[in-house]
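The values are calculated or read from the model by the stated rules, or taken from the named source; none is laboratory data. Keep in mind that what you see is a predicted model, and the values were worked out from it rather than measured. Areas reflect the complete protein model, heavy atoms only, side chains present, ligands, DNA and RNA absent. Shrake-Rupley method; radii C 1.70, N 1.55, O 1.52, S 1.80 Å.
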Amino acid sequence: MVPIAMVAGYASTLFLMIGIILLATGWRSHFFPGIGRHIFWLMLLVFIIVIKLPLWIDPFPANEGPIIHAAVVMLLVASSVGLYKGRRETAIGYEALCVLMLALVWASLRSLYAHDPMFHWVSPEADAPLLCGFLSSVFASSYRQQFAQLSWGCALASLLLALQQYSGALIGSAQWWDELCTAIAAGIVCTAGIKAWQRILSWLNGALFYKNRGSS
């Protein structure tokens, strides 16, 4: 649960509505290149239906371990396909290393705040996704890379926490979706800010160049 709402699932629902608006206004190619418009919206409709159903998968039926929702599996597959479509701008080894680093940071902060939530920046629930969203904008400038890194990083972090605490975890709960959507939003905002700053600097350099050239 993130600090912008007291009800788990509110943040993810809000970000989902914003995401649908962005995807409908031309951002689809940034996250899911090479996928047709009709196929994409059909997949999104199926995803929304699946996420509302109690379709839980237990990868460790013999032990009390984490269980994962079918919608999370669909998300991981979709993010991997989007990353594969843009493989010219990335490397699998680098992406795997980034995912591992994000998962370790995410799991470490959640484990730390589970024992002592006193020393936090924003809130114990929001610090990990916000920090990982910022790190993803540093690791990659492509939105599809950030989407894949954060999706896999959040799932792997939950798995690491469950293995560390020897308890079950719901990978796909309302709180899990809140954290993931918060991280993705933070990554998009940071990347947009970095790109805007780079364009401003480029414009200033060009203006100074032409000014100095005209005065010489």
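Structure notes:
- Asp58 - accessible surface, heavy atoms, 1.4 Å probe, Å² rounded to 10: 70
- Sorting Arg37, Arg110 by solvent-accessible area of protein heavy atoms yields Arg37, Arg110, largest first, with a 1.4 Å probe.
- Note on Phe15: accessible area approximately 60 square angstrom, rounded to 10, probe 1.4 Å, nucleic acids and ligands left out.
- Accessible heavy-atom area order of Met74, Met101, highest first, probe of 1.4 Å: Met101, Met74
- The listed residues Ile67, Ile57, once ranked by accessible area (1.4 Å probe) with the largest placed first, stand as Ile57, Ile67.
- Taking all protein chains as shown and a probe of 1.4 angstrom, His38 keeps an accessible surface of around 140 Å².
- Whole-number percent relative contact order across the stretch 90-143, with pairs defined as alpha carbons under 8 Å at least 6 apart: 39
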